[in-house]
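Notes follow once the structure below has been shown.
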Amino acid sequence: VQLQASGGGLAQAGGSLTLSCVASSRTFAMGWFRQVPGKERELVASIGPTVTSTGYDDSVKGRFTISRDNAKNTVYLRMNSLKPEDTAVYYCAARIEHGNGWNSWGQGTQVTVSS
């Protein structure tokens, strides 16, 4: 499965951005990770096959919302109340089948939040 991410950019603190990731075919679960230089990539949000099967890192709970449109094989990450510490390269990832790990990755998209 190929993943194509888009939507990164520059935002001011308190602002919003929406990331999108289109998969070339159906996936079981999708997620958004982020990475800053010198640190490990961390899982920010994930969504399973149903819209209610979501999970968030504590650092983004209440501010970020992950959603998916299965008809379009697309996952979104709506990021509100952005903070400078949200600055990172964001990656979308997919689990192709139930029980798989994150075995398909998109290219990163830079998100920069200015104070």
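The values are calculated or read from the model by the stated rules, or taken from the named source; none is laboratory data. Since the structure is predicted, the reported quantities are computational estimates derived from the model, not experimental observations. In this analysis, Cβ positions are derived from the backbone assuming ideal geometry, glycine residues included, and neighbour counts consider all displayed protein chains. For the accessible areas, the whole protein counts, side chains as well, though only heavy atoms, and no ligand, DNA or RNA atoms are used. Shrake-Rupley method; radii C 1.70, N 1.55, O 1.52, S 1.80 Å.
If I histogram all Cα-Cα distances within segment 52-94 using bins 10 Å wide from 0, what percent of pairs lands in each bin?
Over segment 52-94, the share of Cα pairs per 10 Å bin runs 22, 57, 20, 1 percent.
If Lys and Arg each add +1 and Asp and Glu each add -1, what is the summed charge of the other residues whose beta carbon sits under 14 Å from the beta carbon of residue 33? The partial results should precede the final answer.
Numbers: positive: 34, 39, 41, 95; negative: 40, 42, 57, 86.
Net local charge, residue 33 excluded: 0.
Between 48, 31, 99, where does the largest GNM mean-square fluctuation fall for the chain, given springs only between Cα atoms within less than 10 Å?
99
Provide the per-residue ³J(HN,Hα) series for segment 58-63, in order, calculated from phi with Karplus coefficients 6.51, -1.76, 1.60 and θ = phi - 60°, each as a whole number of Hz, with x at glycine and proline positions.
Along segment 58-63, the couplings run 4, 5, 10, 4, x, 10 Hz.
Ignoring any ligand, DNA or RNA, what whole percent of the accessible area of the chain comes from carbon and sulfur when the probe is 1.4 angstrom?
Here it works out to 48 percent.
Apply the Karplus curve 6.51 cos²θ - 1.76 cosθ + 1.60, θ = phi - 60°, to the phi angles in segment 8-20 and return the couplings in whole Hz, x for Gly and Pro.
x, x, 10, 9, 8, 4, x, x, 9, 9, 10, 9, 10
Quick check for you: with a 1.4 Å probe and neighbouring chains kept, what is the accessible area per residue of the chain, in Å²?
Accessible area per residue: 52 Å².
Could you name the lysines in cross-link range of residue 61, using Cα to Cα under 25 Å and dropping any fewer than eight places away on the same chain?
39, 83
Would you please name the trypsin sites (Lys or Arg not before Pro) within segment 17-115 that are DSSP coil residues with at most 15 other C-beta atoms within 10 Å of their C-beta? Before the final figure, lay out each step's value.
Working: sites: 26, 34, 39, 41, 61, 63, 68, 72, 78, 95; in loops: 26, 39, 41, 61, 63, 72.
Loop-located and lightly packed - 26, 39, 61, 63, 72.
Grab the other residues whose beta carbon is less than 11 angstrom from that of residue 103, score K and R as +1, D and E as -1, and report the net.
0
Between residue 12 and residue 52, how many nm apart are label points set 7 Å from Cα along the C-beta direction?
Label at residue 12, label at residue 52, 4.0 nm between them.
Quick one: 3J(HN,Hα) in Hz for segment 66-75, Karplus 6.51/-1.76/1.60 with θ = phi - 60°, rounded, Gly and Pro as x.
Computed from phi, the couplings for segment 66-75 are 9, 8, 9, 10, 5, 5, 9, 6, 10, 10 Hz.
Measuring from label point to label point, each 7 Å out along Cα→Cβ, what is the residue 72 to residue 24 span in nm?
2.1
Can you tell me the relative contact order of segment 1-89? Whole percent, Cα pairs under 8 Å, sequence separation 6 or more.
Relative contact order here is 33 percent.
Provide the percentage of antiparallel DSSP beta bridges, counting only those with both residues in the chain; round to the nearest 5.
Approximately 90 percent, going by the DSSP bridge assignments.
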